[in-house]
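Novice: Handing you this structure, nothing more for now.
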Amino acid sequence: MSSYVDSVLAEGERVVYRASVSHWRFFLSYLAGGLFLLTALVLGAGMGAGEHPNGSLAMVAIPLAIGLILIFSAVIRRQTMELVLTNRRIITKRGLVSRNTVEMNLNKIESLHVNQGLTGRILNYGDVTVVGTGASLEPMRGITNPLELRKKLGTVAEVAVAKRSP
């Protein structure tokens, strides 16, 4: 299955940089899901050892289902976010069933803001906001290696300016 960005590229347009969302962005979902799975495992082991002779399957099934849903939804949210820099524009896409997309031509981009806290600097992720003439894109949170995106945008912008100058 091809990505949304690959399906909307114009003729002659090519991807310069494809950013990804860090797994650290979903750490709390993974942690909570893992704790629910661990709870289900402990309850299931306890039921098997005869500690809960009157225990029901629901005592194991409910935390198991909650844990799987938390982890699966985090993975789906991560996989359905795209932030792509092409030689002509920057494209963001969120969502699987309902889709939210924003595209901004490179000549309309004024700046790219990167916000990284201490943890983000250590683990190399941060929030990226593209500011354009008249509007800005909603921040993309938890982007892996945001400074590389900024560097690539600067390089592409320089090439675009050089092409426009006689």
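Novice: Once the Cα atoms of helix 58-79 and of the chain are each reduced to a long axis, what angle between those two axes, in degrees from 0 to 90 to the nearest 10, is obtained?
Specialist: On a 0 to 90 degree scale, this one is about 10.
Novice: While we're here: Find, among the trypsin sites (Lys or Arg not before Pro) in the stretch 1-104, those assigned to loop by DSSP (not H, G, I, E, B) with at most 15 other beta-carbon atoms within 10 angstrom.
Specialist: Filter output for the stretch 1-104: ARG14, ARG99.
Novice: Can you send over the carbon and sulfur percentage of the accessible area for the chain, probe radius 1.4 Å, protein chains only?
Specialist: That share works out to 59 percent.
Novice: For the chain, with only Lys/Arg (+1) and Asp/Glu (-1) charged at the beta-carbon, what is the dipole magnitude about the Cα centre, in debye rounded to 20?
Specialist: 500 debye
Novice: Give me P(r) over the chain, computed from all C-alpha to C-alpha distances, binned every 10 Å, as integer percentages.
Specialist: Spelled out per bin, shortest first, that is 10, 29, 26, 15, 11, 6, 3, 1, 0.
Novice: Among ASN115, TYR30, THR133, which residue has its Cα positioned farthest towards the positive end of the charge dipole of the chain, with +1 placed on the Cβ of Lys and Arg, -1 on the Cβ of Asp and Glu, and the dipole taken about the Cα centre?
Specialist: Farthest towards the positive end: THR133.
Novice: Suppose only helical runs count, i.e. DSSP H with n ≥ 4. What mean residue ellipticity at 222 nm does that imply for the chain under -39500 (n - 2.57) per run, divided by all residues and rounded to the nearest 500 deg cm²/dmol?
Specialist: Estimated from H runs of four or more residues: -14500 deg cm²/dmol.
Novice: Heavy-atom accessible area per residue, the chain, 1.4 Å probe: how many Å²?
Specialist: Accessible surface, normalised per residue, equals 61 Å².
Novice: Rounded, prolate or oblate: which one fits the stretch 88-139, using the alpha carbon gyration tensor with axes a ≥ b ≥ c (rounded when a/c is under 1.5, else prolate when a/b beats b/c, else oblate)?
Specialist: oblate
Novice: Still on this model: How long are the three semi-axes of the equivalent ellipsoid for the stretch 67-106, computed from the Cα gyration tensor as the root of 5 times each eigenvalue, in whole Å, largest first?
Specialist: That gives 27, 10, 5 Å for the three semi-axes.
Novice: Another question about this same structure. Straight-line reach only, C-alpha to C-alpha below 18 angstrom: list the aspartates and glutamates that LYS108 could link to, leaving out same-chain residues fewer than 8 apart.
Specialist: Partners found: GLU13, GLU138, GLU158.
Novice: Of the candidates ILE91, ILE122, ILE69, which one comes out as most mobile in a Gaussian network treatment of the chain with C-alpha springs shorter than 10 Å?
Specialist: ILE122
Novice: Additional query: If I build a Gaussian network model for the chain, linking alpha-carbon pairs within less than 10 angstrom, which residue out of GLY142, GLY44, GLY132 has the largest mean-square fluctuation?
Specialist: So, out of GLY142, GLY44, GLY132, the one fluctuating most is GLY44.
The values are calculated or read from the model by the stated rules, or taken from the named source; none is laboratory data. Note that the structure is predicted; figures quoted are calculated from it, not measured. Here Cβ is always computed from backbone atoms with ideal geometry, including for glycine, and neighbour counts include all displayed protein chains. Heads up: the accessible areas ignore ligands, DNA and RNA and are worked out on the full protein's heavy atoms, side chains in. Shrake-Rupley method; radii C 1.70, N 1.55, O 1.52, S 1.80 Å.
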